[in-house]
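The values are calculated or read from the model by the stated rules, or taken from the named source; none is laboratory data. Computed from a prediction, not measured in an experiment: that's the story for all the values here. FYI the Cβ positions are ideal-geometry reconstructions off the backbone, even for glycines, and counts take in every protein chain you see. What goes into the accessible areas is simple: the full protein's heavy atoms, side chains included, and nothing from ligands, DNA or RNA. Shrake-Rupley method; radii C 1.70, N 1.55, O 1.52, S 1.80 Å.
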Amino acid sequence: MRVIFVLWPLFLLIDYTTGQNTTIDLECPSLEHGDSCTQSEFLSRLAHTCRYDRLLLPTYGTRDVVYVHASAYIYFIQPAEAHDLNFKLHFLLQLRWTDPRLAYSAYSPEREKIIGEDDLRSRVWAPHLYIPNEQSSSLMGTDSKDVLISVAPNGEVLFSRRMQGVLYCWMNLQKFPFDVQTCAMNLESWKYNASILRLMWEIENPVRLSSELHLTEYSLLDYWTNESVVRGDIVNMRVGGAGNYSALKFTFKLSREVGYYLMDYFIPSMMIVAMSWVTFWLQADASPPRITLGTSTMLSFITLASSQAKTLPKVSYIKASEIWFLGCTGFIFAALVEFAFVNTIFYRKNVAPLKKVNSKYILKSTLTPRLARKELQKEIEESSPQLSKSRSCSSLSQDTNNDPAGMGYNNYLTVHSFPSAINVPTITTESYDDINARQSPGRRHLNSGSENSDEPPQHHTWTEMTPKEISAWIDKRCRVLFPLLFLCFNILYWTFVYCL
């Protein structure tokens, strides 16, 4: 009993501060004859706390830098909707570094590798990396997490884990849906700065893509990797404090597929705009069908554009899809305005005097306010009291159409003013072409207002157009003008989205 009483204090010490007993191991387990031990037994000896501290760097006590080599295997990329500004990534991340404290070739030469999962991960040191642009991430697996770690005889550690993450991607949507996006996955050291831990990509195949990788809305154009050093401070709440931290970046370039938008947005909108041009073939006084067609096309296009805008974030700049929406809306609205314009002209009572039958004078007489038109009519009558207006343009056109030989107009009663002592109009039954042929160039030049001529200047022949004729004339021009303008708009738009 006395012997036991003497040896007992060697194994048991009393902690008087806590009142608890603490057992102390007097020796570390030997690593000799490691080949005769199982993997678990040899690992428990190799990573025993007496010779290995997993909280310390592999190069603790020296000034050497721990180099961690990384590689990734990407087998799933799913860019989310544009308004979420993120993408989902499934990948296998592998980290490789050398820990001299785990070298066992001298103790177990026949053992190739020590392979384990979470139990081995909890025994050895591993770098702490994080993803700064992460929205959410987690380890993948069913019953247990997909984590695998192996230790080579020379102390090289290979740590693999399968992860899924939703990462932010700040997209530039100025050319949506013809945009090209560049998204990235960033990896940074959390605990150790760049002076003691350096992250590096593997020299060969740092990032590999699965052969079964398929994207729906995008196509993968290119991808690349780079290494950098980022500045960390206390505000970032890094464990290592302020300093420079090593970082890795994997960047991939995506191009949005436009086939869906062409079939569901652009082509239907073109058809809606073309439908609004049907009003130009309707009578100017056909108010119900023209109003119904214009408003229905406008509402249909707004519904189509709003359904597309719901999938986009509310950004401050103008997107290419919005330019298309504004352009098409402008054409549909212009068709409505054109109907209101010709409908107003159609119900006018007075005919419009025209100096010449061309677009300039027709639009000028049409757009002139009512009071100004009366003053113009009064001025014409005062300046040309002997002037009799010829027939309207529609009558002239009708006469032209009735002359298949193209030899001139038929004889009709025309009133002309010729100089005489009492200024009496002369009535003739000569044809219009005979009268024009009889006047020589010299005569017309003198009548134009020469100072050496005693004859009064020749007056212009004014023409009349009825409001119905003007309305039909405007509709006829719009049938050609609107498609040509829309074609020019398309040329400019598609040049912008593909060439700029």
Task: In the stretch 200-225, residue farthest from residue 68 (Cα to Cα) [restricted to those that are among the polar types (S, T, N, Q) and in a strand (DSSP E or B)] - done: 219
Open item on the list: Looking at 123, 51, 101, 111 in this structure, which one is of a type in the set (D, E, K, R) and either assigned to a strand (DSSP E or B) or farther than 20 Å from residue 158 by Cβ (or both)?
Closed with: 51
Open item on the list: So, in the stretch 318-329, exactly how many residues are in a helix (DSSP H, G or I) and either within 16 Å of residue 299 (Cβ to Cβ) or among the basic types (Lys, Arg) (or both)?
Closed with: 3
- [ ] Only residues that are over 26 Å from residue 245 (Cα atoms), touching a residue at least 40 places away in the same chain (Cβ under 8 Å) and assigned to a strand (DSSP E or B): list them for the stretch 128-152, please.
- [x] 151
- [ ] Give me a count of the residues in the stretch 174-199 that are open to solvent by 50 Å² or more (accessible area, probe 1.4 Å), over 29 Å from residue 312 (Cα atoms) and not in a strand (DSSP E or B).
- [x] 4
TODO: State whether the residues of the stretch 353-361 include one that is within 26 Å of residue 471 (Cβ to Cβ), among the basic types (Lys, Arg), assigned to a helix (DSSP H, G or I) and modelled with pLDDT of 85 or more.
DONE: no
Open item on the list: Give me the residue from the stretch 247-294 that is farther than 16 Å from residue 483 by Cα and among the β-branched types (Val, Ile, Thr) and, out of that set, least open to solvent (accessible area, probe 1.4 Å).
Closed with: 251
TODO: Could you please find all residues in the stretch 99-127 being touching a strand residue (DSSP E or B) at 6+ places or on another chain (Cβ under 7 Å) and not hydrophobic (A, V, I, L, M, F, W, C)?
DONE: 99, 113, 116, 117, 118, 121, 127
Task: Total residues in the stretch 246-263, condition more than 20 Å from residue 206 (Cα to Cα) and in contact (Cβ under 8 Å) with a residue 12 or more places away in the chain - done: 6
TODO: Write out, first by first residue and then by second, each pair whose Cβ atoms fall under 8 Å of each other, whose residues are 6+ apart or on separate chains, and whose first residue, in the stretch 271-290, is among the acidic types (Asp, Glu) while the second is surrounded by fewer than 14 Cβ atoms within 10 Å (Cβ to Cβ).
DONE: 285/347
Task: Of all residues making up the stretch 54-64, the number that are exposed (fewer than 15 other Cβ atoms within 10 Å of the Cβ) and touching a residue at least 60 places away in the same chain (Cβ under 8 Å) - done: 3
Open item on the list: Being within 24 Å of residue 219 (Cβ to Cβ), modelled with pLDDT under 90 and surrounded by 16 or more Cβ atoms within 10 Å (Cβ to Cβ) is the requirement here; does residue 82 meet it?
Closed with: yes
Task: Among the residues listed as 325, 331, 301, the single one being open to solvent by less than 20 Å² (accessible area, probe 1.4 Å), farther than 12 Å from residue 279 by Cα and modelled with pLDDT of 90 or more - done: 301
Task: the stretch 318-343 residues that are over 24 Å from residue 284 (Cβ atoms), paired with ones that are open to solvent by 60 Å² or more (accessible area, probe 1.4 Å) and not in a helix (DSSP H, G or I) (beta carbon under 7 Å, 6 or more apart) - done: 319/174; 320/174
Task: Evaluation of residue 89 against (1) over 13 Å from residue 163 (Cα atoms); (2) open to solvent by less than 60 Å² (accessible area, probe 1.4 Å) (one fails), failing number - done: (1)
Open item on the list: Would you confirm whether or not the stretch 297-320 contains a residue that is within 20 Å of residue 480 (Cα to Cα) and either touching a helix residue (DSSP H, G or I) at 6+ places or on another chain (Cβ under 8 Å) or not charged (D, E, K, R) (or both)?
Closed with: yes
Task: When residues of the stretch 226-254 are limited to those that are out of contact with any Gly (no Cβ under 7 Å at 6 or more places or on another chain) and at positive phi, the one modelled with the lowest pLDDT - done: 237
TODO: Just give me the residues in the stretch 443-483 being of a type in the set (D, E, K, R), assigned to a helix (DSSP H, G or I), modelled with pLDDT under 85 and surrounded by 12 or more Cβ atoms within 10 Å (Cβ to Cβ), in sequence order.
DONE: 443
